[in-house]
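The values are calculated or read from the model by the stated rules, or taken from the named source; none is laboratory data. Note that this is a predicted model, so its numbers are computed, not measured. Please note: Cβ atoms are built from the backbone with ideal geometry, for glycine as well, and neighbour counts cover all protein chains shown.
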């Protein structure tokens, strides 16, 4: 596990701003956080080097791209030997429609968020891709009716 990086107030402001708008120019960012351009640039580079700041992306609207259905899918593996686990991880990494996948404690081995164009599209994925995979014993699907909250920005707390 990585060690938690200690951030000063300026670093916290930079991270907060960039989580809200990764497309800010360095000059805009420096103005928003109350810093000079060169100082802000150096801090952003340092935050990238330590891994605090990762890839800069633009978020796309899933509905406008034909992904109107979100499904939370629990998966149980047939067994937990290293080869089975590796084959399942390779599978989830190769499936573009699997947006997130978490190894879980409790009754199920994994929880995935899968996008689909409609219920029939998800059914096709479930029956012909997921449940036919040799590592998968069974799955349970839960269709999201709406999204009550969706955030990508992590909270940035001041240190106590």
- prompt: Is it fair to say residue 48 is at pLDDT 95 or above and out of contact with any helix residue (DSSP H, G or I) (no Cβ under 7 Å at 6 or more places or on another chain)?
  reply: yes
- request: Return the pairs, sorted by first residue and then second, in which the second residue is exposed (fewer than 13 other Cβ atoms within 10 Å of the Cβ), the first residue lies in the stretch 39-57 and is on the phi > 0 side of the Ramachandran plot, the beta carbons are less than 8 Å apart, and the residues are 6+ apart or on different chains.
  value: 51/2; 51/5
message: Please count how many residues of the stretch 63-94 are touching a strand residue (DSSP E or B) at 6+ places or on another chain (Cβ under 8 Å) and either surrounded by 16 or more Cβ atoms within 10 Å (Cβ to Cβ) or more than 24 Å from residue 120 (Cα to Cα) (or both).
response: 13
- request: Could you check residue 136 against (1) surrounded by 12 or more Cβ atoms within 10 Å (Cβ to Cβ); (2) more than 22 Å from residue 103 (Cα to Cα); (3) more than 20 Å from the chain's Cα centre (by Cα) and say which number it fails?
  value: (2)
The stretch 1-16 - residue that is surrounded by fewer than 17 Cβ atoms within 10 Å (Cβ to Cβ) and free of Cβ contacts under 8 Å to residues at least 40 places away in the same chain and, of those, farthest from residue 158 (Cα to Cα): 1
- prompt: Across the stretch 17-38, which residue is surrounded by the most Cβ atoms within 10 Å (Cβ to Cβ) among those that are under 18 Å from the mean Cα position of the chain (by Cα) and without any contact (Cβ under 8 Å) to a residue 60 or more places away in the chain?
  reply: 18
message: One residue is enough: does the stretch 79-89 have a residue meeting the conditions under 21 Å from the mean Cα position of the chain (by Cα) and closer than 22 Å to residue 66 by Cβ?
response: no
message: So for the stretch 104-123 (the condition being farther than 19 Å from residue 69 by Cα, at pLDDT 95 or above and in contact with a helix residue (DSSP H, G or I) (Cβ under 7 Å, 6 or more places away or on another chain)), does at least one residue qualify?
response: no
